[in-house]
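Student: First the structure, then my questions, so here it is.
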Amino acid sequence: MRLRRLCGLLFSLAVLCFWSILAENALGATEKVLHSFAGGSDGAYPDGILFDASGNIFGVTNTGGNDECGTQLSAGCGVVFEMTPNQGSWSESVIHVFDQSTDGGNPYALLVMDASGNLSGCNLYYGPHGTGSVFQLAPSGGSWSETILGTFPTVNDGLSCDGLVLDPAGHLFGVTAAGGKNNEGLVFQFIPKTGGKWKEAVRYSFMGGNNDGTAPEAPPIFYPPSKKRDVIYGTTFEGGPHLAGTVFEMQKIKGKWTETPIYFFQGLPFGTSTDGTNPTASVVFDHAGNLYGTTDYGGAAGVGAVYELSPNGQGGWTESVLYEFTDGADGGHPSALIIDDAGNLYGVTSGHNTFGSVYELSPPTGGGAWTFTVLYDFKGGADGGGGGGALLRDASGNLYGTTTYGGAHNLGVVYEVTP
């Protein structure tokens, strides 16, 4: 899966060389680049951001920094950065640089922040065991101090951490795309102990095959959000009878976690099925308990789809495809969704032959189809290209995100889109 991401990035960079930089967006939305990454100590190739209570932005870059991680795209193991608003502009500062020999490197996944303002995240690779790490950054007198919460010392503990989620009790749940008893990936929990120590517990090791998933690439979510710790939902990139990925449910019953796939993606040939294939993002819930997500492939054009899973009243779920991407102005290969109180979905695409887009998908008011709107179409130049990670939405409806490349140095940007 990591090779697939890298190849996609290299393809996009090659396409960029043949396109000129365009200043205006034909769709009328306003896009503003808040920061353009320069590589080196500044970081390169960002992937996902979050807000704190004061409106500051935090995120990670996959490479950059001062320590060589062996990548030929850009020197460095990645950084954690902070962006602070200042009278209409933003100031960026690097608050941590990863070192491959101690705390790992190449963070892809979104950070999470607890009630005390501590940031937690995970690295894909390197570290003491070469398998990545789970880290925490705590604010301390104007700077940040890092603690390694845990590593993955054996294959059974996991390989390639793909993101975290914080439960109401302050525990961290996450997934690894590989490792576990069957080397098909797993779901883990990090539990805080006395004296500042944390303990990892593997909650489920995927089996692969026809009846289970394999290779989860996004952290799970809790349902109902912020209310229960005993039911979580997530996706796997592969597995199931069609080898096209799954949506799964995990429940804690009498102290033990059990996993059940609730949907197997079809993975049928392009043009013969509108079903999605290979989800790389997790799911979101609406107020009625319906699940929404995206697939990286599938749909009529083979470049991804947005789907809905609705409880059928008999203990199962019914899937509906809400939109199939075309790789035109709408882009392709969508990332994670967010949802507002009215049930509108927002997302970003990375593109394939295009540079990606920011879009809105609105529910029908009296039945019928959902309404798809491209809010911004990336040009692949100074405005960025190849959107990645989930969007953020503020109280005014402005959307914030990152692109994998583009910008002044072609190393990615943080942007704001005003619909």
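Read the figures in this text as sums done on the coordinates, not as results from a lab. Note that the structure is a prediction, hence the values are computed from the model and not measured. So basically every Cβ, Gly included, is an ideal-geometry build from the backbone, and we count neighbours across all protein chains shown.
Student: Most fluctuating residue of 32, 181, 256 in a GNM of the chain with Cα springs under 10 Å: which is it?
Tutor: Fluctuation is largest for 256.
Student: Something else now. Cα-based Rg (one decimal) and Dmax (whole number) for the range 281-419, in Å?
Tutor: Values for the range 281-419 (Cα only, Rg and Dmax): 15.0, 54 Å.
Student: Counting other beta carbons within 10 Å of each Cβ, put 95, 57 in order, fewest first. If you can, show how the numbers build up before the last one.
Tutor: Details: 95 15, 57 22.
With the sparsest Cβ surroundings first, the list reads 95, 57.
Student: Specify the residue with the greatest mean-square fluctuation among 117, 174, 163, computed from a Gaussian network of the chain linking alpha-carbon atoms under 10 Å apart.
Tutor: With Cα springs under 10 Å in the chain, the top fluctuation among 117, 174, 163 is at 117.
Student: Expressed in whole Å with the largest first, what are the equivalent ellipsoid semi-axes of the range 217-368 derived from the C-alpha gyration tensor as the square root of 5 times each eigenvalue?
Tutor: On the way: eigenvalues 126, 64, 40 Å².
Ellipsoid semi-axes (Å, largest first): 25, 18, 14.
Student: Can you tell me, using C-alpha contacts under 8 Å and at least 6 residues apart, the relative contact order of the chain as a whole percent?
Tutor: The value is 13 percent.
Student: Tell me, 197, 379 in order of fewest to most beta-carbon neighbours within 10 Å? It would help to have the intermediate numbers written out before the result.
Tutor: On the way: 197 11, 379 23.
Placing the least packed residue first, the sequence is 197, 379.
Student: Here is a further query. I'd like the Karplus ³J(HN,Hα) series for the range 55-60: coefficients 6.51, -1.76, 1.60, θ = phi - 60°, whole numbers in Hz, and an x wherever there's a Gly or Pro.
Tutor: Each residue's phi maps through the Karplus curve to give x, 7, 9, 10, x, 10 Hz.
Student: Among residues other than residue 174 whose Cβ falls under 13 Å from its Cβ, what is the net charge (Lys/Arg +1, Asp/Glu -1)? Don't skip to the end; give the middle numbers.
Tutor: On the way: positive: 203; negative: 157, 162, 167, 200, 217.
Within the 13 Å Cβ shell, the charges total -4.
Student: Which ³J(HN,Hα) values in Hz, rounded to whole numbers, follow from the phi angles of the range 295-303 under the Karplus curve 6.51 cos²θ - 1.76 cosθ + 1.60, where θ = phi - 60° and Gly and Pro get x?
Tutor: So the Karplus estimates, Gly and Pro as x, are 10, 6, 10, x, x, 4, 9, x, 10 Hz.
Student: Right, something else. Where the eigenvalues come from the Cα gyration tensor of the range 158-300, what are the semi-axes √(5λ) of the equivalent ellipsoid, largest first, in whole Å?
Tutor: Numbers: eigenvalues 144, 57, 30 Å².
Three semi-axes, in Å: 27, 17, 12.
Student: Quick one: which residues, 5 or more positions from residue 99 or on another chain, have an amide H under 5 Å from its amide H? H modelled 1.01 Å from N in the peptide plane, none for Pro or chain starts.
Tutor: For residue 99, whose amide H was placed from the backbone, the distant partners under 5 Å are 104.
Student: Sticking with this one: Starting from the Cα-Cα distance between residue 369 and residue 84, subtract it from 0.36 nm times their residue separation and give me the gain in nm to one decimal. Could you put the intermediate results ahead of the total?
Tutor: Working: separation 285, 0.36 × 285 = 102.60 nm, distance 4.02 nm.
The span from residue 369 to residue 84 would gain 98.6 nm if fully extended.
Student: Sticking with this one: What residue among 205, 120, 54 shows peak mean-square fluctuation when the chain is described by a Gaussian network model with Cα springs under 10 Å?
Tutor: Answer for the Gaussian network model of the chain: 54.
Student: Assuming a viscosity of 1.567 mPa s and a temperature of 4 °C, what translational diffusion coefficient in µm² per second does Stokes-Einstein assign to the chain, Rh being the Kirkwood radius over Cα pairs? Write out the running numbers ahead of the final one.
Tutor: Values: Rh = 21.3 Å.
Value of D from the Cα-based Kirkwood radius: 61 µm²/s.
Student: Counting alpha carbon pairs within less than 8 Å and at least 6 residues apart, what relative contact order, in whole percent, applies to the range 29-148? Please report the intermediate quantities before stating the final value.
Tutor: Values: 311 pairs, mean separation 22.2, N = 120.
Once normalised by length, the contact order is 18 percent.
Student: Using helices alone, what [θ] at 222 nm do you get for the chain, with -39,500 (n - 2.57) per DSSP H run of 4 or more residues, divided over all residues and rounded to the nearest 500? Don't skip to the end; give the middle numbers.
Tutor: Values: 1 runs with 15 residues, N = 419.
So the calculated ellipticity at 222 nm is -1000 deg cm²/dmol.
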